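Shown next, in structure tokens, is the structure this report addresses.
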Amino acid sequence: MRPDQVLPYPLKNRYILQRHGRSEANEAGLICSHPLNGIPAEGGPKGNGYGLTESGRKQVFETATRMSDHLFPSSLGTLTPATDIYIYTSPFLRTVQTAQIIHSVLSSTASVGNHLPEPIPTISLRERAFGTLELGPDSAYEGVWKVDNEYGLAQSDYQLDAPLQHFVPNEDGTESTVPDPWPYHPNHPNDVESPPHVRARAVALIRELEAKHQGANLILVMHGDIVQILQTAFVTGDMEAWRHRQLTHVGTGEWRDMGHGQVDPDTITGPVSGEGFQAGNQ
């Protein structure tokens, strides 16, 4: 497996992967993967961007409360020893709002001595880019996942071709035309970002976080496909990114505690909403 697909074991920090709550894009049945559409607090079906719906806010509050109980099990009679908690989030409006709710809940329940700064946006956690499918119907997800699975079955590893020229998102949502170190989906007609590309940028961020933190709880707030794909790097064995749909679907507002990695996929901890495997939930 390529080095850019592999986490820097042994991990010094504990990782919780969080998916945003139900959003206006979910409600409208649209694919919203481009930073210029996903970041602003304007536009969208209601003119205030593709943020969380009211039900999405409630959803996140409920699962954040479960996360608090998971991190601070006071019911056991003792509080978890004080540790630093950092929340890193995709800069998209729906993920930032999710991160803010989690921060509020954890701040009100954290143990004395826990360090919990404001959420930190990073473009590395942005939504998987869906190319020309942008703002189209979310029913197209199923076709993309089908290609992912078929391509993953057809080869044992992802081969890097010559770097391609792509529009690469900047932190402020604008784009630069620069060589992209990983080509987008080589088998998809809509310039959809490949699972190994998604995994590589997420793994690169984790390498940065491992160099910056030690012994911390790191909560990464993301989107459906990047959560699903990043899980493949944390589970035991050499699971390729293309096979991400073989793992249990992560519903809106749900989180998964990946610990320090090397997790048995059958024992991953996190709330399950019963939303199930379906399109329209990115």
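The values are calculated or read from the model by the stated rules, or taken from the named source; none is laboratory data. Everything numeric here is computed off the predicted structure, so don't read it as measured data. As a convention, Cβ positions derive from the backbone with ideal geometry for all residues, glycine included, and neighbour counts pool all protein chains shown.
Considered as a group, the residues in region 115-143 that are over 17 Å from SER194 (Cβ atoms) and in contact with an Asp or Glu (Cβ under 7 Å, 6 or more places away or on another chain) include one that is surrounded by the fewest Cβ atoms within 10 Å (Cβ to Cβ), and that residue is HIS115.
Among the residues of region 98-140, the one identified as of a type in the set (D, E, K, R) and part of a helix (DSSP H, G or I) is ASP138. For region 38-49, the set of residues classified as touching a residue at least 60 places away in the same chain (Cβ under 8 Å), crowded, with 19+ Cβ neighbours inside 10 Å and in contact with a Gly (Cβ under 7 Å, 6 or more places away or on another chain) consists of ILE39 only. Take the conditions under 19 Å from ALA202 (Cβ atoms), among the β-branched types (Val, Ile, Thr) and either over 20 Å from the mean Cα position of the chain (by Cα) or modelled with pLDDT of 95 or more (or both) and apply them to THR53. Does it pass? Spelling it out, it is not the case that THR53 is under 19 Å from ALA202 (Cβ atoms), among the β-branched types (Val, Ile, Thr) and either over 20 Å from the mean Cα position of the chain (by Cα) or modelled with pLDDT of 95 or more (or both). Determine if region 32-49 includes at least one residue that is among the aliphatic types (A, V, I, L, M), outside any strand (DSSP E or B), more than 16 Å from the chain's Cα centre (by Cα) and under 22 Å from ILE87 (Cβ atoms). Yes, that holds for at least one residue. Considering only residues in region 113-137 that are at positive phi and either of a type in the set (A, V, I, L, M, F, W, C) or more than 19 Å from the chain's Cα centre (by Cα) (or both), the one that is modelled with the highest pLDDT turns out to be LEU135. In summary, ASP225 fulfils each of the numbered conditions (1) modelled with pLDDT of 90 or more; (2) charged (D, E, K, R); (3) surrounded by fewer than 24 Cβ atoms within 10 Å (Cβ to Cβ); (4) out of contact with any strand residue (DSSP E or B) (no Cβ under 7 Å at 6 or more places or on another chain) with the single exception of condition (3).
Selection of region 1-35 for residues being touching a strand residue (DSSP E or B) at 6+ places or on another chain (Cβ under 8 Å) and farther than 20 Å from PRO195 by Cβ yields ASN13, ARG14, ILE16, GLY21, ARG22, SER23, GLU24, GLY29, LEU30. Across region 3-31, the number of residues qualifying as under 30 Å from ALA211 (Cβ atoms), over 18 Å from the mean Cα position of the chain (by Cα) and touching a residue at least 24 places away in the same chain (Cβ under 8 Å) comes to 5. Of all residue pairs spaced 6 or more apart or on separate chains, none has beta-carbon atoms under 8 Å together with a first member in region 193-214 that is free of Cβ contacts under 8 Å to residues at least 24 places away in the same chain and a second member that is part of a helix (DSSP H, G or I) and charged (D, E, K, R).
Considering THR95, THR65, the condition of being outside any strand (DSSP E or B), over 19 Å from the mean Cα position of the chain (by Cα) and of a type in the set (Val, Ile, Thr) is satisfied by THR65 alone.
If you check ALA110, ALA140 for being modelled with pLDDT of 70 or more, touching a Leu at 6+ places or on another chain (Cβ under 8 Å), over 24 Å from VAL60 (Cα atoms) and aliphatic (A, V, I, L, M), only one passes: ALA140.
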